[in-house]
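For reference, the structure is listed below as structure tokens.
The values are calculated or read from the model by the stated rules, or taken from the named source; none is laboratory data. Not measured: the values here are computed from a predicted model. Note that we place each Cβ from the backbone using ideal geometry, even for glycine, and neighbour counts take in every protein chain shown. Accessible surface areas use protein heavy atoms only, side chains included; no ligands, DNA or RNA. Shrake-Rupley method; radii C 1.70, N 1.55, O 1.52, S 1.80 Å.
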Amino acid sequence: MVNPPTPSSPSDLPAPSTVRTWREALRLYLQPASLRMLALGFSAGLPLLLVLGTLSFRLREAGIDRSTIGYLSWVGLAYGVKWMWAPLVDRMPIPGLTKRLGRRRSWLLLSQIVIAGGLVGMAVNDPSQLLTPLVACALAVAIASATQDIALDAYRIESAQVHAQAALAASYQTGYRLAMIWAGAGVLWVAAWVQGEQTTGYVQSAWQAAYGAMALSMLPGMLVVLASPEPAPMPFAPARNVAEWLRGAVLEPFADFWLRYRWQAVLLLALIAVYRISDVVMGIMANPFYVDMGFTKTEVASVTKVYGVIMTLVGAFVGGVLSARLGVMRVLMLGAALSAASNLLFVWLSGVGHDVQALVWVISADNLASGIASAAFIAYLSSLTNISYSATQYALLSSMMLLLPKFIAGFSGDFVNAHGYATFFTATAWLGLPVLLLVALASRVQAKDA
């Protein structure tokens with residue numbers, strides 16, 4: 001596999017071509033680039049559950065039926081088609097911002113501002129009264145969040161050499177998962193605290209306070225963007241007309257990927273398209289499942305916040321260290337197997353019913369598997385990109401990861417209504433089996449020089 005060239009900007013990570021000892025692997029996490037990525041990962045991870053998982057809990061509590069919740073998960077398809085505007089993020093300047101902040105940081109800041117505004121809109125709109133305004137705000141948050149992902153992935157790839165990408169991916173994933181815990185458990189805790197003694201049932205003021213707190217949580221990410229250095233920009237030849245700009249911004253990044261991998265690109269894209277399918281499809285119905293099992297907001301928040309955080313951090317850390325030391329493909333295989341198997345624990349939980357201790361074990365195991373798989377997968381995607389087209393190519397690859405799973409997830413509510421939760425969770429585990437074969441085949445792929 002051909003690694004992307006070294007970025008033109010100086011890196012504040014050490015520069016050996018390989019990580020030879022466990023001490024060197026661990027030291028990567030203490031470098032400024034890794035710490036920045038931890039904070040920016042938090043900003044990237046915050047919106048996702050607020051327009052998907054946590055929103056599904058809120059909608060189910062508000063009395064919205066499971067089928068509608070499933071279809072509304074298609075708001076998340078914005079993450080699956082972000083490659084369509086990735087060339088604009090890669091090259092188009094933002095008036096008044098790009099000249100001051102640079103190409104990457106200007107897009108990061110703009111998207112964060114839109115996310116915060118959209119979350120305020122989601123806070124003030126009551127889905128039990130009128131669903132459309134809340135969905136419109138959720139769509140705006142999803143599009144802005146996908147745009148932030150494009151700019152941040154490019155920023156990460158351009159900020160360090162290839163040997164350090166696994167550490168940056170793990171730091172990013174740690175921040176991302178912490179944000180998902182805050183957006184998944186923290187928002188429930190805030191809503192439960194505001195709701196007070198009335199522990200069950202829908203109270204709009206509680207959710208309004210919770211989503212308002214999430215909007216304020218975007219502020220640290222904005223401050224980090226303002227304080228971070230901008231990577232040295234990749235030089236682009238000035239375009240003489242629109243057709244030439246489109247060729248350089250849109251066609252060349254995609255053509256470069258196909259030229260480097262030839263027919264093997266089909267295999268790589270197939271793996272990327274299904275790697276997280278078990279987690280994504282199952283995740284849409286997880287929160288409605290908790291509501292239907294009788295778990296309160298406080299119970300779900302407490303279990304996710306304590307045990308979920310610990311196991312997610314352990315998983316991301318282990319995934320990053322093992323990827324740097326043993327190689328990404330081996331950890332990719334491990335993560336795929338664990339992610340599929342952990343869904344079967346939800347089958348068991350559906351039979352146990354309302355049991356908080358059982359919920360602890362299930363969430364802990366699921367988050368551990370997800371942390372390992374995500375850290376390795378992000379590093380793998382980064383290794384496939386060419387630094388000259390980092391934003392566009394990474395957006396294409398990460399979009400492929402979400403497009404098919406999120407489309408299938410839209411029908412999850414119908415499936416649960418027809419067959420029940422146990423059958424649904426079993427089916428999502430079976431979806432992970434083809435992934436193991438694709439990982440084994442992809443490990444043999446070698447990139448070709450364009």
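If the segment from THR68 to ALA136 were pulled out straight at 0.36 nm per residue, it would be longer than the present Cα-Cα gap by 23.0 nm.
Determine, for each peptide in 263-273, 422-432, 77-87, the mean count of other beta carbons within 10 angstrom over its residues, then list the peptides with the highest first. Present the calculation step by step, with values, prior to reporting the outcome.
Working: 263-273: 17.5, 422-432: 19.3, 77-87: 21.3.
The packing order, highest mean first, is 77-87, 422-432, 263-273.
Residues with beta-carbon under 15 Å from that of ALA44, excluding ALA44: net charge, scoring Lys, Arg +1 and Asp, Glu -1? Let's see the in-between values first.
Details: positive: ARG36, LYS82, ARG104, ARG105, ARG156, ARG177; negative: ASP149, ASP153.
Local net charge: +4.
Around the amide H of ASN386, modelled in the peptide plane, lies no amide H under 5 Å away from a residue 5 or more places distant or on another chain. Counted by Cβ distance under 12 Å from GLY80, the other residues give a net charge of +2, where Lys and Arg count +1 and Asp and Glu count -1. Sorting the segments 143-154, 292-303 by their residues' average number of neighbouring beta-carbon atoms within 10 angstrom, most packed first, yields 143-154, 292-303.
Counting only protein heavy atoms and a probe of 1.4 Å, the accessible surface of segment 282-422 is 71% carbon and sulfur.
The local environment of PRO93, defined by Cβ-Cβ distances under 9 Å, has a net charge of +3 under the rule Lys, Arg +1 and Asp, Glu -1. Note on TRP348/LEU216: beta-carbon distance plugged into 1/(1 + (r/R0)^6) with R0 of 56 Å gives a FRET efficiency of 0.90.
At 0.36 nm per residue, minus the direct Cα-Cα distance, what do GLN204 and ALA418 gain on full extension? Give it in nm, one decimal, please.
Values: separation 214, 0.36 × 214 = 77.04 nm, distance 3.02 nm.
Extending this stretch completely gives an extra 74.0 nm.
Ranked by the mean number of other Cβ atoms within 10 Å of their residues, highest first, the peptides 342-355, 210-223 fall in the order 210-223, 342-355.
Working out 0.36 nm times the residue gap between VAL81 and LEU226, then minus their Cα-Cα distance, what length gain in nm do you get to one decimal?
Numbers: separation 145, 0.36 × 145 = 52.20 nm, distance 2.78 nm.
Extra length available between VAL81 and LEU226 comes to 49.4 nm.
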